[in-house]
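Participant: Have a look at the structure that comes next, please.
The values are calculated or read from the model by the stated rules, or taken from the named source; none is laboratory data. Source: prediction; values computed, not measured. Here the Cβ is made from the backbone with ideal geometry for all residues, glycine too, and neighbour counts use every protein chain on show.
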Amino acid sequence: MKLTLFCLFAAVTAFTYWLRHINLQHLKHHGTRVPDGFEGSIDEDKLRRSSAYTVDSSRLGLWDSLFDNALLILFLFGGLITAYDGFISKLSGSPILSAILFFLLLSWASTLLGIPFDLYGTFRIEARYGFNTTTPRIWLTDFLKSQAIGALLLSALLAVTFWLIGWSQQNWWLWVWGFMALFSLFMMFISPYVIEPLFNKYEPVTEPGLEDDIRIMMEKAGLKVGKVQQMDASKRSNHSNAYFTGIGRVKRIVLYDTLIKQMSHEEIVAVLAHEIGHWKKGHIWKRLFWAELMALAGSWLAFKLLAWPGLPGLLGLPDDISLPAKMVVLGFVASLALFPIGPFSAWRSRCHEREADRFASDLTGRPEHLASALVKMSAENLSNLFPHPWYAAFHYSHPPVVERVRMLRE
């Protein structure tokens with residue numbers, strides 16, 4: 001069975017690399033012509049830069065993936081997981097503390113090994129194409145903050161999870177699922193006010209008249225938002241975006257300051273109308289419901305498989321490995337089993353995006369404003385305008401931008 005799983009992993013990995021290859025080949029053959037409707041914002045020089053940026057980013061992602069997969073093979077199929085599990089068991093006799101150390105040290109090791117790729121992407125590739133504005137000091141500060149917050153949250157989650165497992169050995173899957181669901185909602189409430197301000201500065205929109213235009217559109221949509229704020233995204237990158245954050249009474253609109261500089265008021269309002277469409281069409285709650293339903297089923301299945309004596313043997317591991325080690329094995333097997341679901345999830349997301357585009361067009365009455373906003377965002381972010389259809393089907397949560405613009409203008 002170990003050999004079978006290895007071959008399956010190799011086949012899935014090879015398929016994802018093949019998709020990456022045909023995507024770049026598609027760009028090479030079709031990426032020399034400016035798409036219809038993009039002529040005013042993208043010239044041949046910017047199109048070449050866009051293609052080069054896509055190639056460089058994809059190449060870095062490929063090396064990062066090869067490195068990660070080599071470590072994964074060494075850890076799971078090379079027997080390192082058994083040695084690591086034995087090392088952790090000697091550090092503490094407490095099941096809860098051992099579980100925290102098992103996953104926390106593993107997470108730190110993975111993060112540290114990935115630092116060179118992150119640094120190269122930020123200070124070489126992003127800088128080469130004029131996106132990076134962060135400094136080594138900001139990068140280091142962000143890194144330390146994110147690691148501290150991540151370690152704190154991960155430790156809390158693991159402590160409660162493994163306490164629940166010991167407290168209710170026959171029904172822990174239900175208790176753990178309920179705790180995780182409540183924790184996710186809790187984070188959606190507190191993140192905009194506790195975590196996000198640790199990394200960026202948020203302030204009321206300073207562009208004259210923009211906040212009034214946004215609130216008029218919000219009232220027309222029948223949606224109340226506590227705050228409309230701008231974020232100092234330009235402190236780290238010249239990429240542009242806008243998003244909703246929070247839930248319930250604490251939800252708010254956040255605009256990148258780079259987006260405000262690049263677009264007209266009408267285009268910004270159109271982008272936000274698209275985001276509002278996700279709320280009004282119930283996409284947020286539908287996604288939450290679907291995710292929690294899958295999590296519930298996954299928790300029950302994990303409960304059954306973790307109690308199955310044959311689980312470690314799937315990778316040729318001893319039967320007496322710890323519960324955290326069994327969870328790693330289960331996570332690996334689950335990733336292979338769930339791989340075919342990826343395209344379906346991406347398709348559902350693209351359907352929601354098309355629905356939100358239609359809502360924005362109806363709300364503003366000017367589809368051209370959203371279309372021109374998408375063209376500008378694509379040009380400024382050097383987006384790939386020619387993804388291979390199969391690559392987009394597997395990986396794109398949004399329809400390709402050329403398709404979105406064409407549909408809006410039709």
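Participant: Determine whether Gly282 is under 22 Å from the mean Cα position of the chain (by Cα) and either at positive phi or of a type in the set (Lys, Arg) (or both). Can you show your working first?
Facilitator: Details: under 22 Å from the mean Cα position of the chain (by Cα): yes; either at positive phi or of a type in the set (Lys, Arg) (or both): yes.
Yes: the conditions hold for Gly282.
Participant: I would also like to ask the following. Return only the number of the condition from (1) over 21 Å from the mean Cα position of the chain (by Cα); (2) modelled with pLDDT of 90 or more; (3) assigned to a helix (DSSP H, G or I); (4) crowded, with 16+ Cβ neighbours inside 10 Å that Ala273 does not satisfy.
Facilitator: The number of the failed condition is (2).
Participant: Only one of (1) surrounded by 15 or more Cβ atoms within 10 Å (Cβ to Cβ); (2) free of Cβ contacts under 8 Å to residues at least 12 places away in the same chain; (3) not β-branched (Val, Ile, Thr) fails for Phe77. Which number is that?
Facilitator: (2)
Participant: Oh, and also: Scanning region 1-16 for residues that are more than 15 Å from Pro340 (Cβ to Cβ) and in contact with a helix residue (DSSP H, G or I) (Cβ under 7 Å, 6 or more places away or on another chain), which turns out surrounded by the most Cβ atoms within 10 Å (Cβ to Cβ)? So that I can check it myself, show each step before the final result.
Facilitator: Filtering region 1-16 down to residues more than 15 Å from Pro340 (Cβ to Cβ) leaves 1-7, 10, 14.
The next check asks that each one be in contact with a helix residue (DSSP H, G or I) (Cβ under 7 Å, 6 or more places away or on another chain); those that pass are 1-2, 5.
Working: Met1: 10, Lys2: 13, Leu5: 18.
The qualifying residue surrounded by the most Cβ atoms within 10 Å (Cβ to Cβ) is Leu5.
Participant: If the Cβ limit is 8 Å and pairs must be 6+ apart or interchain, which residue in region 251-267 that is aromatic (Phe, Trp, Tyr) pairs with which residue that is at pLDDT 85 or above and not in a strand (DSSP E or B)?
Facilitator: Between residues of region 251-267 that are aromatic (Phe, Trp, Tyr) and residues that are at pLDDT 85 or above and not in a strand (DSSP E or B), the close pairs are Tyr256/Ala233; Tyr256/Ser234; Tyr256/His239.
Participant: Let me ask something else. Check whether at least one residue in region 153-161 is closer than 30 Å to Leu306 by Cα, surrounded by 14 or more Cβ atoms within 10 Å (Cβ to Cβ) and not aliphatic (A, V, I, L, M), and report yes or no. Don't jump to the end; show me each part of the working.
Facilitator: Taking region 153-161 as the starting set, the residues that turn out to be closer than 30 Å to Leu306 by Cα are 153-161.
After this cut, where a residue has to be surrounded by 14 or more Cβ atoms within 10 Å (Cβ to Cβ) as well, the list is 154-155, 157-161.
Pick out the ones that are also not aliphatic (A, V, I, L, M) and you get 155, 161.
Scanning region 153-161, I find at least one residue that is closer than 30 Å to Leu306 by Cα, surrounded by 14 or more Cβ atoms within 10 Å (Cβ to Cβ) and not aliphatic (A, V, I, L, M), so the answer is yes.
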